[in-house]
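Beneath this line is the structure, given in structure tokens, with notes to follow.
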Amino acid sequence: MDLSYTAEDQAFRQRVRAWLAENVPRQKLITMEEKKAWHRKLYDAGFIGMGLPREYGGRDARPMEQAIVGEEMVRAKAPPPLNGLGIAIVIPTLIHHGTEQQKRRFIHKLLTAEELWCQLYSEPNAGSDLASLQCRADLDGDEFVINGQKIWTSGAHNADWGLLLARTDRTAPKHDGISCLLVDMHSPGIEVRTLKQISGSGEFCEVFFTTVRVPRENLVGDLNAGWRIAQTTLSYERGGNTLSRYARMLQQVTRLLEVCQVLQRDGRPAIEDPLVRQKLGQIYAEMEVLRYASLRILSRLERGLRPGPESSLAKLHYSELDKRVQELILDVLGPYGQQVGGLPDELALVPGVDYGEEGSWMYAFLWSRAGTIYAGSSEIQKNIIGERVLGLPKEVRADRVVAQTAGAARGDGAD
Amino acid sequence: MDFEFTEDQVMLRGLVREFLSEQCPVSHVRAMMDDSRGYDRDLYRRLIQLGMLPFPEAYGGAGLGMIEQAIVLEEMGRIPYPGPYFATVILAGGALMASGDRRTQARYLPDVSNGDLTMSLAFLEGGIAWGPETIRLSLRRDRDGYRLDGIKRFVPFGQSVDVILVVARAGEGRSAEGISLVAVPAGTPGLAIEPELMMDLTSKTATLRFEGVSVPAENLVGPEGGAWPAVELALRQAAVGASAEMLGAARKALEMSVDYAKVRKQFGQYIGQFQAIKHKLAEMLELVENAHAAVYYAAWALDARAPDAALAASVAKSTVNVAGRRVCGEAIQVHGGIGFTWEYDLHLYFKRAKHLEPLYGDTEYHRERVLQEVLAGRVAGSA
Ligand SMILES: Cc1cc2nc3c(=O)[nH]c(=O)nc-3n(C[C@H](O)[C@H](O)[C@H](O)COP(=O)(O)OP(=O)(O)OC[C@H]3O[C@@H](n4cnc5c(N)ncnc54)[C@H](O)[C@@H]3O)c2cc1C
């Protein structure tokens, strides 16, 4: 056990830090062109999909290097790259299950964000119980014909392509009749409606499919093997990026400590109030534990061990902790934490942001409610931990059929 | 960056686990609950002789670090081992090593290392505090030595160890200056030892009254009036060591609960099938794994003298205090009535964890310490 960074890792961190200091845009990125240009710059620097093999446009980077880049991006207040979900889910899906032609056609353009992707899994009646999805893909000669609806699809309004799970055999048990398809989001018959989120921004959408034609060559893996594919590739997403979540919380709480020197509470700076100090000490300790736990996961990944169902512990940990962090921040800041317009700069997380824009205390607070819902809710994670880590007997389920083989709960990475 | 144990560390854990499970079955633990000394000297000697001590080889130790001590203590928490290992090795041994006083180290540590000498550290007096301001026990020069007057409470195995290191103060002040450490053998005239009857019967403690206790000058450990840094470091190590022991107790309680949830049936199904129980167990696992990360990170930081060692120690103690109470408490809940019986072993872990919770800093104390360290900039990577 040695928890120090190697000289090599430290040197890498210095290089990343120097590059970011030089290149992080000073101005806020507003248009999609600006965001794509920044993404492209990150890609050219080798920071996008860097863990992927070189043959697919990655850098064969170690998990530690990826974690360092994630951390340094937050520290440098760099705008995030595009296609996060695509890189986390679509690329591993293609690498493991796609045809050579699919890999050549899609991976590079996804990495460079020339094409933006979305994940078309959830439906109005299929959330945690994803395998009950109803959206149909019927084979008609060389084409699938898609009919149905998806919902909560992040970024569908900007997406060029979507990774779709649809039902291709309605007679099979529910896990066995699903296929995985690559869908051109510009196809006729697709209608996208953005949904306004509680944060005030419109980042997820409803997607309606009416007789949308998808060529058969866009099928990933075998027909009706979609559930298994989704299960295996979803597990790739979790784990290694926990440190950047820590980095983000740290940034917010560090700023909170500064604000507490200024903000008066009972006639003295909040930082001198013993009750506030208790809360700050508690939350800081909790964040440190997240950092330690992240290092533990990272060190396993470095040894080439896959986290497996244990990644549910990490997901449960950081998403629930984020809610506690954000609640604490609003506790300490009182109404100032909920103020967006007119908040004095010395009390702001980032001065001058608008309602529905990233950078306010409020926005971070509201978003913390999403983390325990998407990518498998906390309740689903606890089921996975209970059944697959602790080995507890499965709960009694009303939908179990004999032929059903795949795992019950969704371990997905919807974002 | 490597958070996995080395082969040697894995072997050490295996060795201690095997020794304790064979030599210290729960029947022995229960027998010691009714024993006035609270431990078996022979078992203690053999345990010490396993060769896992943190002292230099010149003193008969194995030169191991805090990570190894955490492993040993975690295993002890799983039993829970009744005896003065913590008192002797972590508290007194830690203070001796931190004092840098070679003469006293050479005087005691060889006997400690072969198991012939047991020791403890007397810190708490009236009230609850872990800073120098709480120390009032008076130390005065007295012909060729020192005279001690005052009271110490909650001295671990104070009724049955051979030598007690006493934290004392010369003069009236409240600051760190003036704090001295003095070795007082049990049986010294003027020292009255009263066993305390505590909730955890496997962890004995005593009240020590000092009335004109005289010790020779050579019993002073480290510089007169300058012992606080050594005491502070020993307490910091003790906080991490106690956390490791609580982690062991909590993991054991979790394992028992998971096993029970797989066999106990109600309403025609295993109780582990109910989400109310399953989710509780998942949360307990999260607490235990986080406690593991916190304990071993802190142990590493102490060994590596990392800039955030003090921060990490306080993170660990405040984290494991909460984990210990929740995991051991919920374990009783998962078991239902059987968990509330004297005969079932769960309360042994519940009580051991609770015993250690207020010692070497409670949760609030360490949260405040966390904030102080952060505001002072002593965080990871700050050196
Ligand atoms: C911000 C955001 C972005 C998203 N982006 C995407 C995206 O890009 N693509 C996509 O496909 N999806 C996306 N989702 C959808 C997300 O994956 C689903 O919301 C999630 O799977 C939960 O499904 P649901 O909303 O239908 O809730 P439900 O499944 O109906 O759950 C409601 C409640 O019931 C609980 N529950 C359900 N089943 C169980 C059970 N077996 N045991 C115990 N409790 C249970 C849940 O934990 C939850 O508390 C996104 C969601 C959010 C919030």
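Quick notes on this structure:
- 25 Å Cα-Cα threshold exceeded, pairs from A:Lys35/A:Lys77; A:Lys394/B:Lys351; B:Lys204/B:Lys280; A:Lys109/A:Lys196; A:Lys315/B:Lys278; A:Lys323/B:Lys317: A:Lys394/B:Lys351; B:Lys204/B:Lys280; A:Lys109/A:Lys196
- Computed from Cα atoms alone, the Kirkwood hydrodynamic radius reported for segment B:1-96 is 14.0 Å.
- Sparse-neighbourhood loop sites, chymotrypsin sites (Phe, Trp or Tyr not before Pro) in segment B:334-383 - DSSP loop, at most 10 other Cβ within 10 angstrom: B:Trp342
- Of the beta bridges in chain A, as assigned by DSSP with both residues counted there, near 85 percent are antiparallel.
- Going from the chain on its own to the full set of protein chains, segment B:1-15 has these residues losing 50 Å² or more of accessible surface (heavy atoms, 1.4 Å probe, no ligands, DNA or RNA): B:Met1, B:Asp2, B:Phe3, B:Glu4.
- Solvent-accessible area of segment A:1-103 (1.4 angstrom probe, protein heavy atoms only): carbon and sulfur portion equals 52 percent.
- Long-range amide H partners of A:Cys118 with built H, under 5 Å: A:Trp161, A:Gly162, A:Leu163
- Cα-based Rg / Dmax (Å) for the protein assembly as shown: 29.9, 107
- Computed from protein heavy atoms with a 1.4 Å probe, the total accessible area buried between A and B is close to 4400 Å².
- R0 of 51 Å, Cβ-Cβ distance A:Val24-B:Arg140: FRET efficiency to nearest 0.05: 0.20
- Here the 3J(HN,Hα) profile of segment B:178-183, calculated from phi with Karplus coefficients 6.51, -1.76 and 1.60 at θ = phi - 60°, is x, 7, 10, 10, 10, 8 Hz, Gly and Pro shown as x.
- Segment A:239-374 - percent of accessible surface contributed by carbon and sulfur, probe 1.4 Å: 51
- Element breakdown for segment B:121-225 at a 1.4 angstrom probe: carbon and sulfur atoms account for 54% of the accessible area.
- Selected from A:Ala113, A:Ala78, A:Leu139, residue furthest toward positive end of dipole (chain A; charges at beta carbon): A:Ala78
- Chain B shape via C-alpha gyration tensor axes, a/c threshold 1.5: prolate
- A DSSP coil position with no more than 16 other Cβ atoms inside 10 Å describes the following trypsin sites (Lys or Arg not before Pro) in segment B:57-165: B:Arg136, B:Arg143.
- Going from the chain on its own to the full set of protein chains, segment A:361-395 has these residues losing 50 Å² or more of accessible surface (heavy atoms, 1.4 Å probe, no ligands, DNA or RNA): A:Lys382, A:Leu390, A:Leu392, A:Pro393.
- The C-alpha atoms of segment A:7-100 occupy a region whose extents along the principal axes are 41, 39, 17 Å, arranged from largest to smallest.
- Put a dot 7 Å past the Cα of A:Asp354, heading toward its Cβ, do the same for B:Ile151, and the two dots end up 6.9 nm apart.
- Note on B:Trp342 and B:Met199: their simple-model spin labels are 1.8 nm apart, each label 7 Å out from Cα toward Cβ.
- GNM result for chain B, Cα springs below 10 Å: residue of B:Thr363, B:Thr341, B:Thr319 fluctuating most strongly: B:Thr341
- With eigenvalues of the C-alpha gyration tensor scaled by 5 and rooted, segment B:229-382, Å: 34, 15, 11
- The calculated FRET efficiency for the pair B:Ser175 and A:Arg193, based on their C-beta separation and a Förster distance of 60 Å, comes to about 0.30.
- Using the Cβ-Cβ distance between A:Ala45 and B:Met11 with R0 set to 30 Å, the FRET efficiency works out to roughly 0.10.
- For chain B, built as a Gaussian network whose Cα springs stay under 10 Å, the top-fluctuating residue of B:Ala291, B:Ala183, B:Ala304: B:Ala304
- Axis of helix B:275-303 versus longest Cα principal axis of chain B: the two differ by about 30°, to the nearest ten degrees.
- Based on protein heavy atoms only, segment B:7-118 ends up with 38 Å² per residue of surface accessible to a 1.4 Å probe.
- Remark: segment B:333-346, residue by residue, has Karplus-estimated 3J(HN,Hα) of 4, 5, 7, x, x, 4, x, 9, 8, 5, 5, 6, 7, 3 Hz, where x stands for each Gly or Pro and the curve is 6.51 cos²θ - 1.76 cosθ + 1.60 at θ = phi - 60°.
- Label zone at A:Arg15, where the point sits 7 Å out along the Cα-to-Cβ direction: segment A:79-121 residues whose backbone N lies under 15 Å: none
- A run of chain B free of exposed loop cleavage sites, with GluC sites (Glu not before Pro) counted only in DSSP states other than H, G, I, E and B and at most 11 other beta carbons within 10 Å, reaches its longest extent at B:1-171.
- Max mean-square fluctuation residue, GNM over chain B, Cα-Cα springs under 10 Å, options B:Lys354, B:Lys317, B:Lys265: B:Lys265
- Taking every DSSP bridge with both residues inside segment B:121-225, close to 90 percent are antiparallel.
- Along each principal axis, Cα extent of segment A:82-131, largest first, Å: 34, 23, 13
- Computed over protein heavy atoms with a 1.4 Å probe, the accessible surface of chain A works out to 43 Å² per residue.
- Classification of segment B:50-133 by its C-alpha gyration tensor yields an oblate form. The axis ratio a/c (a ≥ b ≥ c) is 1.5 or more, and b/c is at least a/b.
- Loop-resident sites, segment A:185-220, for trypsin sites (Lys or Arg not before Pro), counting at most 16 other Cβ within 10 Å (DSSP): A:Lys196
- A:Gln149 versus B:Ala376: modelled label distance in nm, points set 7 Å from Cα along the beta carbon direction: 6.0
- Rounded to 10°, Cα long-axis angle of helix A:63-75 versus longest principal axis of chain A: 50
- For segment B:121-225, a/c is not less than 1.5, where a ≥ b ≥ c are the root eigenvalues of the C-alpha gyration tensor, and a/b does not top b/c. That puts it in the oblate class.
- C-alpha long axis of helix B:7-23 to longest principal axis of chain B, angle in °: 80
- Potential extension, A:His186-A:Arg397 segment - 0.36 nm per residue separation minus Cα distance: 72.0 nm
The values are calculated or read from the model by the stated rules, or taken from the named source; none is laboratory data. Because the structure is predicted, anything quoted here is derived from the model rather than measured. Glycine also receives a Cβ, built like all others from the backbone with ideal geometry; neighbour counts cover every protein chain displayed. Protein only, heavy atoms only, side chains kept; ligands, DNA and RNA dropped before computing areas. Shrake-Rupley method; radii C 1.70, N 1.55, O 1.52, S 1.80 Å.
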